[in-house]
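S.K.: So that we are looking at the same thing, I have put the structure below in structure tokens.
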Amino acid sequence: MAAPDPSGGNPSPTRSHTISLYVNDRPGVLVRVAQVFARRGYNIESLVVSAADQSGFSRMTITSSGDPEILEQIIKQLAKLVDVVHAVDHTGDHSYETEIALVKVACALDSRTELLQIAEHYSAKVVDYGADSLMLRVYGSSEKLDAVIELLRPYGLKELVRSGKIVMARGVRST
Amino acid sequence: MTPATNQEARNGPPSGAEKLVQSLEREGVEYIFGLSGGAAMPIFDALVDSKIRLVLTRHEQGATHMADGYARATGRPGVVLVTSGPGATNTVTGLLTAHMDSAPLIVICGQTITSMLGKDAFQEADVTGITYPVVKHSYLVKDPEQIPRVVREAFYLATSGRPGPVLIDLPKDVTTAPCRAPFADRVDLPGYRVPGRADPRSIRAAADLLRGSRRPLLYVGHGAVISGAGKAVVRLAEKLRAPLVNTLLGKGAADETHPLHLGMFGMHGTAYANKALEHCDLVMSIGGRWDDRVTGKVDEFCVNARKIHVDIDAAEFNKIVRPDVCIHGDARLAIEDLIPLVDMLDTDDWLRQVGRWRRQYPLKYSKRGGLHAQHVLDRLQQLVQGQAVITADVGQHQMWAAQFCLATTNRNWITTGGAGTMGFGFPAAIGAQLGRPDTKVWAVVGDGGFQMTQCELATAAVQRLPVKCLIINNNYLGMVRQWQELFFDNRLSGVDLEGNPDFVKLAEAYGIKALRIRRAADVDRRLREAHEYDDGPCVVVAEVVKEENVYPMWPAGAPVSQLLIDPPKHKLEKPVGST
């Protein structure tokens with residue numbers, strides 16, 4: 001089954017961008033960042049914020065898609081924010097990206113074996129075994145998550161929570 | 001001996017408010033423009049013991065424009081102090097105005113006590129939240145010990161790099177609590193870098209591009225005013241033998257009476273400046289941001305010309321146009337670095353052509369059939385000869401003032417460009433006069449805009465400022481009326497300002513000298529009388545013909561080539577551009 005691939009293969013000018021930000025850990029930073037997107041009518045598809053290794057700073061990973069010229073402008077405007085130490089667009093630079101999903105899927109007795117096979121194939125862990133549902137934890141590229149979710153959907157998706165993508169540049173390059 | 005200040009009487013550490021005011025004194029603040037209220041009372045109280053002069057305005061919007069005018073006239077930041085809630089929200093228009101035009105402003109707001117934040121307390125407004133999009137940066141201070149650091153950072157941010165407004169929100173319990181923190185001298189802002197000298201490679205690339213040009217044009221923007229690049233720009237123009245144009249906000253950076261200067265270009269710029277833009281083979285923006293008022297239809301803007309863009313803000317590169325060379329840094333330093341790398345260009349034909357356009361399409365106006373605004377402004381130019389600060393409001397009078405009142409000196413022309421804020425001109429002139437007491441200051445305003453901040457007549461009167469306010473009164477919102485005439489079949493809607501007061505009587509009610517001009521023959525005499533009157537403000541009301549249009553013009557969104565030098569003889573399509 002082909003999963004939708006938001007990041008490549010399509011020559012359309014709209015593409016998904018993965019942007020990492022290193023920011024001051026201060027109130028209002030998230031609003032300032034979000035407004036750079038909102039002002040231009042751009043949707044933030046995923047957003048992950050957490051503490052950085054240095055105290056007083058946070059990391060944000062944001063995915064958004066749209067016209068590359070406007071995204072270039074968005075990244076420059078992000079970099080201009082006083083609370084943003086740096087903003088890097090990791091699109092197409094082969095950085096390592098990953099995401100976690102928790103999936104609660106309906107699990108009738110006769111479909112349990114199939115579901116467990118799917119889970120095993122995708123290295124998904126069963127983290128909750130209910131009477132009529134399973135909770136799976138799966139991680140990997142967003143495309144892999146899309147694929148496994150589409151496979152599980154026919155069984156009856158009860159709930160889905162995705163963490164949003166996180167990214168780290170490889171080797172000597174910095175995120 | 002009685003203690004000189006409250007703090008000495010207490011014999012303890014300063015309060016947050018006292019530390020704030022002392023920090024402002026250390027920043028060299030002369031004036032604070034503001035209006036009091038409950039949450040700001042501790043700060044107003046601390047001002048009693050300060051040498052900083054409080055200019056009490058009649059509305060907070062006026063305070064922001066005064067501070068803005070002060071900042072633009074002096075190059076030093078303007079400081080505003082208001083109370084919480086509506087006091088703070090009344091500064092939003094002034095913040096937008098300053099933000100759009102990169103003016104250094106510090107807006108200090110009182111706020112409800114920290115324990116009541118977010119609980120809909122009396123006069124509480126989420127002011128940092130409301131103002132995020134219109135500030136360069138902002139602070140909600142919850143710890144009095146942070147006050148010295150925040151003030152230092154705010155001034156540094158407001159004035160460095162691309163300047164802009166910074167807002168400081170101060171809860172009342174923070175300003176009343178003691179502050180033991182020392183004054184801050186250094187700033188630690190890891191996310192903020194101030195560009196200085198541009199990369200020499202970009203300067204060399206610009207020199208290479210210039211070398212091949214036969215029809216160069218230097219386009220001077222507000223960045224040249226802010227960085228004081230004007231003299232260097234003129235030297236560059238002279239060395240290259242290249243003509244100059246400036247934007248509405250770039251006026252004054254380079255002397256507009258210089259033989260190579262073609263004045264303002266753009267939507268209502270001179271025809272010869274716009275012809276030069278249309279036909280140049282290279283256009284170099286020096287601190288301009290290719291605003292829609294100067295590019296017209298971007299797809300058809302200078303398609304055959306190479307483009308060089310000098311800007312201190314990297315986010316301006318590739319925003320509107322894709323330049324061949326981007327020079328990221330301070331405009332003055334960049335031009336000074338560029339001058340030694342360029343030689344005289346072969347521009348004889350080009351300068352001859354530009355000269356022909358200048359003779360062929362001069363600015364013109366009718367002197368018949370009543371008093372014309374252009375005539376009044378033309379005579380104002382003859383009177384002040386660039387030696388006065390002129391502030392302009394927004395509308396037809398602003399464009400005519402920009403066309404006729406040539407600026408020869410940096411920071412002698414002040415108007416609201418990006419935001420186009422009606423009500424800016426008069427309070428900005430008050431601020432400019434306070435900052436430049438030895439220079440004559442004229443506000444040129446329309447009857448519409450003037451009424452938005454006319455309450456500041458009281459402020460000007462109390463301060464006994466010799467500021468002059470020329471009201472170009474056509475009893476219309478004239479620019480909108482012009483557009484309705486040209487593009488909406490003259491279906492006038494919401495533009496007739498019937499009910500205007502008698503502005504002479506209005507000024508006199510404030511104890512302000514006021515003069516009226518009804519006839520062209522009175523113009524010189526009345527303007528001179530106002531110009532020479534220094535014993536307080538003077539309002540001059542020019543009762544001009546009601547239905548006059550600004551030309552040249554191009555409809556918003558049209559290419560530069562569709563410039564209307566004269567009134568059109570056919571019906572125009574509705575414009576496609578922004579406004």
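S.K.: Could you list, ordered by first residue, the pairs with Cβ atoms under 7 Å in which the first is in segment B:182-205 and surrounded by fewer than 16 Cβ atoms within 10 Å (Cβ to Cβ) and the second is among the aromatic types (Phe, Trp, Tyr) and not in a loop (DSSP other than H, G, I, E, B), at least 6 apart or interchain?
M.R.: B:Val187/B:Tyr156
S.K.: Scan segment B:366-387 and give yes if some residue there is within 28 Å of B:Lys231 (Cβ to Cβ), within 14 Å of another protein chain (Cβ to nearest Cβ) and under 28 Å from the mean Cα position of the chain (by Cα), otherwise no. It would help to see each step written out before you state the result.
M.R.: So the first thing to find is which residues in segment B:366-387 are within 28 Å of B:Lys231 (Cβ to Cβ), and the list is B:377-378, B:380-387.
Applying the additional criterion that residues be within 14 Å of another protein chain (Cβ to nearest Cβ) yields none.
Scanning segment B:366-387, I find no residue that is within 28 Å of B:Lys231 (Cβ to Cβ), within 14 Å of another protein chain (Cβ to nearest Cβ) and under 28 Å from the mean Cα position of the chain (by Cα), so the answer is no.
S.K.: With respect to the numbered conditions (1) surrounded by fewer than 20 Cβ atoms within 10 Å (Cβ to Cβ); (2) farther than 20 Å from B:Leu240 by Cβ; (3) in contact with a Pro (Cβ under 8 Å, 6 or more places away or on another chain), which one is the sole condition not fulfilled by B:Thr347?
M.R.: Among (1) surrounded by fewer than 20 Cβ atoms within 10 Å (Cβ to Cβ); (2) farther than 20 Å from B:Leu240 by Cβ; (3) in contact with a Pro (Cβ under 8 Å, 6 or more places away or on another chain), B:Thr347 violates only (2).
Yes/no matrix, rows are residues, columns are (1) within 23 Å of B:Gly263 (Cα to Cα); (2) in the same structural domain as B:Arg58 (by TED's automatic domain parsing); (3) surrounded by fewer than 21 Cβ atoms within 10 Å (Cβ to Cβ):
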{"residue": "B:Arg379", "(1), (2), (3)": "yes, no, yes"}
{"residue": "B:Ala392", "(1), (2), (3)": "yes, no, no"}
{"residue": "B:Cys405", "(1), (2), (3)": "yes, no, no"}
{"residue": "B:Arg436", "(1), (2), (3)": "no, no, yes"}
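S.K.: Being part of a helix (DSSP H, G or I), in the same structural domain as B:Leu338 (by TED's automatic domain parsing) and touching a residue at least 40 places away in the same chain (Cβ under 8 Å) narrows it down to one residue among B:Leu262, B:Leu248, B:Leu236, B:Leu218; which is it?
M.R.: Selected residue: B:Leu236, the only one of B:Leu262, B:Leu248, B:Leu236, B:Leu218 that is part of a helix (DSSP H, G or I), in the same structural domain as B:Leu338 (by TED's automatic domain parsing) and touching a residue at least 40 places away in the same chain (Cβ under 8 Å).
S.K.: Would you tally the residues in segment B:157-205 being assigned to a helix (DSSP H, G or I) and of a type outside the set (Gly, Ala, Ser)?
M.R.: Keep residues of segment B:157-205 that are assigned to a helix (DSSP H, G or I), which gives B:157-159, B:172-176, B:200-205.
Within this subset, residues satisfying the condition of being of a type outside the set (Gly, Ala, Ser) are B:157, B:159, B:172-176, B:200-201, B:203-204.
Residues flagged as assigned to a helix (DSSP H, G or I) and of a type outside the set (Gly, Ala, Ser) within segment B:157-205 amount to 11.
S.K.: Let me ask something else about it. Closer than 19 Å to B:Thr176 by Cα, small (Gly, Ala, Ser) and surrounded by fewer than 23 Cβ atoms within 10 Å (Cβ to Cβ): is that true of B:Gly110 in this structure?
M.R.: No, not satisfied.
S.K.: Being at positive phi and under 18 Å from the mean Cα position of the chain (by Cα) is the requirement here; does A:Gly56 meet it?
M.R.: No: the conditions fail for A:Gly56.
S.K.: I'd like the residue in segment A:121-148 that is surrounded by 13 or more Cβ atoms within 10 Å (Cβ to Cβ) and among the aromatic types (Phe, Trp, Tyr) and, out of all such residues, is nearest to A:Thr63 (Cα to Cα).
M.R.: Taking the candidates together, the pick is A:Tyr139.
S.K.: Related question: One residue is enough: does segment A:41-60 have a residue meeting the conditions away from every other protein chain (no Cβ under 14 Å), surrounded by 14 or more Cβ atoms within 10 Å (Cβ to Cβ), at pLDDT below 90 and outside any loop (DSSP other than H, G, I, E, B)?
M.R.: Scanning segment A:41-60 turns up no residue that is away from every other protein chain (no Cβ under 14 Å), surrounded by 14 or more Cβ atoms within 10 Å (Cβ to Cβ), at pLDDT below 90 and outside any loop (DSSP other than H, G, I, E, B).
S.K.: Considering (1) surrounded by fewer than 24 Cβ atoms within 10 Å (Cβ to Cβ); (2) of a type outside the set (Ser, Thr, Tyr); (3) in contact with a strand residue (DSSP E or B) (Cβ under 9 Å, 6 or more places away or on another chain); (4) assigned by TED's automatic domain parsing to the domain that holds B:Val444, say which one B:His397 fails and leave the rest.
M.R.: Answer for B:His397: the failing condition is (1).
S.K.: Has segment A:136-153 got at least one residue that is under 27 Å from A:Val49 (Cβ atoms), assigned to a helix (DSSP H, G or I) and in contact with a Lys or Arg (Cβ under 7 Å, 6 or more places away or on another chain)? Spell out how you get there, then give the answer.
M.R.: Let us first name the residues in segment A:136-153 that are under 27 Å from A:Val49 (Cβ atoms), namely A:136-149.
From what is left, the residues that are assigned to a helix (DSSP H, G or I) are A:142-149.
Pick out the ones that are also in contact with a Lys or Arg (Cβ under 7 Å, 6 or more places away or on another chain) and you get A:142, A:145.
Yes, the conditions are met somewhere in segment A:136-153.
S.K.: Here's another thing I want to ask about it. Name every residue in segment B:67-83 that is of a type outside the set (S, T, N, Q) and not in a helix (DSSP H, G or I), in order of residue number.
M.R.: Correct list: B:Gly75, B:Arg76, B:Pro77, B:Gly78, B:Val79, B:Val80, B:Leu81, B:Val82.
S.K.: Moving on. Residues to consider are B:Lys307, B:Lys275; find the one that is among the charged types (D, E, K, R) and part of a strand (DSSP E or B).
M.R.: Working: B:Lys275 fails: part of a strand (DSSP E or B).
The unique qualifying residue is B:Lys307.
For (1) farther than 18 Å from B:Val389 by Cα; (2) buried (at least 16 other Cβ atoms within 10 Å of the Cβ), each residue gets a yes or a no:
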| site | (1), (2) |
| --- | --- |
| B:Leu457 | yes, yes |
| B:Arg464 | no, no |
| B:Cys469 | no, yes |
| B:Asn474 | yes, yes |
| B:Met479 | yes, yes |
| B:Trp483 | yes, yes |
| B:Phe488 | yes, no |
| B:Leu492 | yes, no |
| B:Val495 | yes, yes |
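S.K.: Of everything in segment A:61-77, what is of a type outside the set (Asp, Glu) and outside any helix (DSSP H, G or I)? Give them in sequence order.
M.R.: Answer for segment A:61-77, where residues must be of a type outside the set (Asp, Glu) and outside any helix (DSSP H, G or I): A:Thr61, A:Ile62, A:Thr63, A:Ser64, A:Ser65, A:Gly66.
S.K.: Please work out which residue is surrounded by the fewest Cβ atoms within 10 Å (Cβ to Cβ), limiting yourself to segment B:125-162 and to residues that are of a type in the set (Gly, Ala, Ser) and within 12 Å of chain A (Cβ to nearest Cβ).
M.R.: B:Gly129
S.K.: Output the qualifying pairs, or none if there are none: Cβ atoms under 8 angstrom, residues six or more apart or on different chains, first residue in segment A:143-171 and touching a residue at least 40 places away in the same chain (Cβ under 8 Å), second residue of a type in the set (A, V, I, L, M) and part of a helix (DSSP H, G or I).
M.R.: Qualifying pairs under 8 Å: A:Val148/A:Ile118; A:Leu151/A:Ile118; A:Leu152/A:Leu115; A:Leu152/A:Ile118; A:Tyr155/A:Leu115; A:Leu157/A:Ile149; A:Leu160/A:Ile149; A:Arg162/A:Leu145.
S.K.: Find the residue count for segment A:68-94, including only residues that are surrounded by fewer than 17 Cβ atoms within 10 Å (Cβ to Cβ), within 28 Å of A:Tyr139 (Cβ to Cβ) and either without any contact (Cβ under 8 Å) to a residue 60 or more places away in the chain or in contact with a Lys or Arg (Cβ under 7 Å, 6 or more places away or on another chain) (or both).
M.R.: 2
S.K.: Separate question: Which residue, of A:Ile100, A:Ile118, is buried (at least 16 other Cβ atoms within 10 Å of the Cβ) and either assigned to a helix (DSSP H, G or I) or more than 14 Å from chain B (Cβ to nearest Cβ) (or both)? Spell out the reasoning first.
M.R.: Values: A:Ile100 fails: buried (at least 16 other Cβ atoms within 10 Å of the Cβ).
A:Ile118 is the lone residue from the list that is buried (at least 16 other Cβ atoms within 10 Å of the Cβ) and either assigned to a helix (DSSP H, G or I) or more than 14 Å from chain B (Cβ to nearest Cβ) (or both).
S.K.: Name the residue, out of A:Ala108, A:Ala79, A:Ala87, that is more than 18 Å from the chain's Cα centre (by Cα) and either acidic (Asp, Glu) or within 14 Å of chain B (Cβ to nearest Cβ) (or both). Step through it out loud before you land on a result.
M.R.: Details: A:Ala108 fails: either acidic (Asp, Glu) or within 14 Å of chain B (Cβ to nearest Cβ) (or both); A:Ala87 fails: more than 18 Å from the chain's Cα centre (by Cα).
Just a single option satisfies the conditions, and that option is A:Ala79.
S.K.: Now, a different point. Within segment B:147-166, is there a residue that is more than 23 Å from A:Val23 (Cα to Cα), in contact (Cβ under 8 Å) with a residue 40 or more places away in the chain and hydrophobic (A, V, I, L, M, F, W, C)? Let's see the steps before the verdict.
M.R.: Let us first name the residues in segment B:147-166 that are more than 23 Å from A:Val23 (Cα to Cα), namely none.
Looking for residues that are more than 23 Å from A:Val23 (Cα to Cα), in contact (Cβ under 8 Å) with a residue 40 or more places away in the chain and hydrophobic (A, V, I, L, M, F, W, C), one finds none in segment B:147-166, hence no.
S.K.: Here's another thing I want to ask about it. Restricting to segment B:291-318, what's the tally of residues that are within 14 Å of chain A (Cβ to nearest Cβ) and either crowded, with 23+ Cβ neighbours inside 10 Å or in contact with a Ser or Thr (Cβ under 9 Å, 6 or more places away or on another chain) (or both)?
M.R.: Residues that pass the stated criteria total 5.
S.K.: If only one of B:Ala121, B:Ala103, B:Ala88 is in contact with a helix residue (DSSP H, G or I) (Cβ under 6 Å, 6 or more places away or on another chain) and assigned to a loop (DSSP other than H, G, I, E, B), which one is it?
M.R.: Values: B:Ala121 fails: in contact with a helix residue (DSSP H, G or I) (Cβ under 6 Å, 6 or more places away or on another chain); B:Ala88 fails: assigned to a loop (DSSP other than H, G, I, E, B).
After applying the criteria, what remains is B:Ala103.
S.K.: Same structure, new question: Looking only at helices (runs of 4 or more DSSP H) that lie completely in segment B:425-526, which have at least 3 residues being among the aliphatic types (A, V, I, L, M)?
M.R.: Hits in segment B:425-526: B:425-435, B:457-462, B:478-487, B:503-509.
The values are calculated or read from the model by the stated rules, or taken from the named source; none is laboratory data. Quantities reported herein were computed from a predicted structural model and do not represent experimental measurements. A quick note on method: Cβ atoms are made from the backbone with ideal geometry, for glycine too, and the neighbour counts reach across all protein chains shown.
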